[in-house]
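The next block holds one structure in the form of structure tokens; read it before the comments.
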Amino acid sequence: AMGDGIPKGRELLLGVASNPNDHGFARYGAQPTLIVMTDGQTNQKPSGWTMPAGFSWAQWTDYNGDGTADYSTTDVNKKYAFWEATEAIKRGVTIHTISVGAGADRDLMKAIAFAGRGLHVDVPGGSTVADMHDQMLSAFAQIAAKLPPAQLIHD
């Protein structure tokens with residue numbers, strides 16, 4: 001249920017958009033960031049949800065800058081997860097993704113990371129627990145290396 005998890009993460013960081021008194025829990029001066037770690041096989045959406053009119057896949061997934069979307073899907077559950085990701089991105093959230101498992105939907109996870117100005121890391125699975133452990137440590141090290149250096153902020 002990526003389409004449910006992403007907005008919950010966004011709300012924890014930034015607060016519920018409809019509540020002006022909810023400012024979330026992001027530390028002042030920090031870049032709000034989500035790490036979405038899953039197999040990408042999203043399976044839920046709200047009843048009756050459809051992609052909003054005018055949504056542009058090319059705006060979010062034009063990897064090579066040619067004006068054409070390099071990712072889109074007809075799967076409504078994946079559309080919902082991706083749309084929720086764009087709602088977080090519009091509010092300034094960076095999204096990194098980690099695809100986990102042999103059957104992961106790497107294309108969806110790569111698209112979310114690209115749109116979210118994040119990093120996509122693939123942990124293919126199908127190996128020993130020790131190998132998976134090493135792959136996960138490597139994934140988090142790659143994401144940590146992308147973080148901007150700490151800065152003193154005067155309020």
Query - aspartates and glutamates with Cα under 17 Å of LYS78, excluding same-chain neighbours fewer than 8 positions away - result: ASP4, ASP39, ASP70, GLU87, ASP105, ASP107
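Take the alpha carbon gyration tensor of region 99-145, find the square roots of its eigenvalues, order them as a ≥ b ≥ c, and report rounded if a/c is under 1.5; if not, report prolate when a/b exceeds b/c, else oblate.
On the way: a/c = 5.23, a/b = 1.36, b/c = 3.84.
Judged from the Cα gyration tensor, region 99-145 comes out oblate (a/c at least 1.5, b/c at or above a/b).
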Requested in this report: Go through PRO20, GLY116, GLY48 and say which Cα lies farthest out towards the positive end of the charge dipole of region 4-155; charges sit on Cβ, +1 for Lys and Arg, -1 for Asp and Glu.
Outcome: PRO20
Requested in this report: Enter the accessible area of LYS110 (Å², nearest 10), with the probe set to 1.4 Å and all protein chains included.
Outcome: 100 Å²
**Report entry** FRET E, pair ASP122, ALA26, Förster distance 30 Å, beta-carbon r, rounded to 0.05
**Finding:** 0.60
Query - Label assignment, volume of the Cα convex hull per residue in Å³ derived from the structure, set (i) 144; (ii) 181; (iii) 128 - result: (i)
Query raised in the report: Classify region 1-43: rounded, prolate or oblate, from the alpha-carbon gyration tensor (a ≥ b ≥ c, eigenvalue square roots; a/c under 1.5 rounded; otherwise prolate if a/b is larger than b/c)?
Result: oblate
Report summary line: Beyond 18 Å (Cα-Cα) in this structure, taken from LYS8/LYS90; LYS8/LYS110; LYS8/LYS146, we find LYS8/LYS110; LYS8/LYS146
**Report entry** Estimated dipole of the chain in Debye, rounded to 20 [Cβ of Lys and Arg +1, of Asp and Glu -1, Cα centre]
**Finding:** 300 debye
**Report entry** Inter-site label distance for ALA144 and ALA69 at 7 Å from Cα along Cβ, in nm
**Finding:** 3.7 nm
Query raised in the report: With the dipole of region 20-131 worked out from charges on the C-beta (+1 for Lys and Arg, -1 for Asp and Glu) around the Cα centre, which of THR61, THR86, GLY29 lies farthest toward the positive end?
Result: GLY29
Query - Sequence-distant residues sharing a close amide H with ILE98 (under 5 Å, placed H) - result: VAL36, MET37, THR38, VAL121
Report task. Find the relative contact order for the chain and round it to a whole percent, using C-alpha pairs within less than 8 Å whose residues are 6+ positions apart. Result -> 23 percent
Query raised in the report: In Å², what does the accessible area per residue of the chain work out to with a 1.4 Å probe?
Result: 57 Å²
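The values are calculated or read from the model by the stated rules, or taken from the named source; none is laboratory data. The structure displayed is predicted, hence computed values, not measured ones. All Cβ positions, glycine included, derive from the backbone under ideal geometry; neighbour counts span all protein chains shown. What goes into the accessible areas is simple: the full protein's heavy atoms, side chains included, and nothing from ligands, DNA or RNA. Shrake-Rupley method; radii C 1.70, N 1.55, O 1.52, S 1.80 Å.
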